[in-house]
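Report on the structure given below.
The values are calculated or read from the model by the stated rules, or taken from the named source; none is laboratory data. Because the structure is predicted, anything quoted here is derived from the model rather than measured. Quick reminder, even Gly has a Cβ in these numbers, built from the backbone with ideal geometry, and neighbours come from all protein chains shown.
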Amino acid sequence: MTRRYVALRAYGCAAAGLFFMAGMAGCTADGTAKSGATSRAPASSPAPSATTATAAPSASATAPPAVSLVPELDESKQPRTAAEARDLLARIVISEDAFGPDVVRGAPFESSSGRWPVLDERCVWQTADLPPDVLATNTRYFLIPAGNGHGRVRLNATVTVHHDRGESGWETARAMEEVLRCPDQKVREGEDLKGLLGNAVYQGEQMNNWSEDAFSEMGTYVSDTDGGPHTYFWYQAQFGPVTVAITGKGAEGFKTESLTQLVVQGNSRMLAQAKQALGKAAG
């Protein structure tokens, strides 16, 4: 890990110390610099769900260590080719049933194959060819139609497969850098993200015992189509060479805690499926 990564991580955590999504977090500690593009899937966002307050332990009490929910990575299961990565990705990415009966497929439903979002120097999202460190990536688009007193809610689910966990860790580091560099971002013409704050923690920090690496981002978005400003969440977690991310874009009349629950629920499902696909079997 470079000093630059450490500094970015510390700054991001300080800038968004109020963030903590129960059940997720972390950054890999063994990444080395790769030649991947400074990018990640945009229009996707996480948000921390509120944790239940607990009484502080007495001076004589010692909290028991948290049981890790992160299995040991079986490196023999890591994909070596783009075809193997696409097969793995298909076993991890979710469909609308992962969110519940109110969520339906968007149109389009999936991102274009072989393309990768890049945040340029003007803080505008562009698309480019896949960088060398990405074997495969896919984003699926979902929504909750307007009704029951709220506007249209948008959800995106992204899975990215790298060669190894070092590369996936650097994807998180770049995501941290992007939100620090560009707290205001243009997703596309007529859609903007505003006032973004980010946070990243390692496995074992802030009670994180279920992911190796994670990055959360929170702000608002404004859209010519959906109005706003509305709540914007992005949450990304890592296991081995895989990162999984969920965006949540709220709407007028839709509760923030309901959006947070959907983000956590979708991310948890994909992370569990990544662990099942790549973790060593208990013996």
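For the stretch 126-135, the criterion of being closer than 28 Å to GLN261 by Cα and in contact with a strand residue (DSSP E or B) (Cβ under 9 Å, 6 or more places away or on another chain) is met by none of the residues. Among the conditions (1) of a type in the set (Val, Ile, Thr); (2) under 28 Å from ARG91 (Cα atoms); (3) in contact with a Ser or Thr (Cβ under 7 Å, 6 or more places away or on another chain), THR256 misses just one, which is (2).
Of the residues making up the stretch 99-109, those that are over 21 Å from ASP192 (Cα atoms) and of a type outside the set (Phe, Trp, Tyr) number 6.
Collect the residues in the stretch 84-113 that are surrounded by fewer than 16 Cβ atoms within 10 Å (Cβ to Cβ) and within 18 Å of GLU167 (Cα to Cα), keeping them in residue-number order. Across the stretch 84-113, the qualifying residue is only GLU84. Close contacts from the stretch 266-280, counting a first residue that is closer than 19 Å to LEU73 by Cβ and a second that is among the basic types (Lys, Arg) and assigned to a helix (DSSP H, G or I), with Cβ to Cβ under 6 Å and a gap of 6+ residues or different chains, come to ALA277/ARG91; LEU278/LYS77. If the condition is being surrounded by 24 or more Cβ atoms within 10 Å (Cβ to Cβ), part of a helix (DSSP H, G or I) and of a type in the set (Gly, Ala, Ser), then the stretch 231-271 contributes only GLY266.
No other residue among ARG152, ARG122 is of a type in the set (Lys, Arg), modelled with pLDDT of 95 or more and closer than 21 Å to GLY248 by Cα apart from ARG152. Scanning the stretch 248-260 for residues that are modelled with pLDDT of 95 or more and under 14 Å from the mean Cα position of the chain (by Cα) turns up GLY248, LYS249.
For the stretch 78-91, indicate whether the set of residues that are under 17 Å from ARG188 (Cα atoms) and of a type in the set (Val, Ile, Thr) is non-empty. Lay out the reasoning, then the answer.
Within the stretch 78-91, the subset under 17 Å from ARG188 (Cα atoms) is none.
No, the conditions are met nowhere in the stretch 78-91.
For the stretch 122-163, a residue qualifies if it is closer than 25 Å to ASP192 by Cβ, aliphatic (A, V, I, L, M) and surrounded by 21 or more Cβ atoms within 10 Å (Cβ to Cβ), and the qualifying residues are ILE144, VAL153, LEU155, ALA157.
Does LEU197 meet the test of being within 16 Å of the chain's Cα centre (by Cα), touching a residue at least 24 places away in the same chain (Cβ under 8 Å) and surrounded by fewer than 18 Cβ atoms within 10 Å (Cβ to Cβ)? Write out each step before concluding.
Details: within 16 Å of the chain's Cα centre (by Cα): yes; touching a residue at least 24 places away in the same chain (Cβ under 8 Å): yes; surrounded by fewer than 18 Cβ atoms within 10 Å (Cβ to Cβ): yes.
It is true that LEU197 is within 16 Å of the chain's Cα centre (by Cα), touching a residue at least 24 places away in the same chain (Cβ under 8 Å) and surrounded by fewer than 18 Cβ atoms within 10 Å (Cβ to Cβ).
Among the residues of the stretch 61-80, those identified as modelled with pLDDT of 75 or more and either assigned to a helix (DSSP H, G or I) or exposed (fewer than 11 other Cβ atoms within 10 Å of the Cβ) (or both) are GLU75, SER76, LYS77, ARG80. Within the stretch 75-117, the set of residues being over 30 Å from PRO145 (Cα atoms) and of a type in the set (S, T, N, Q) comprises SER76, GLN78, THR81.
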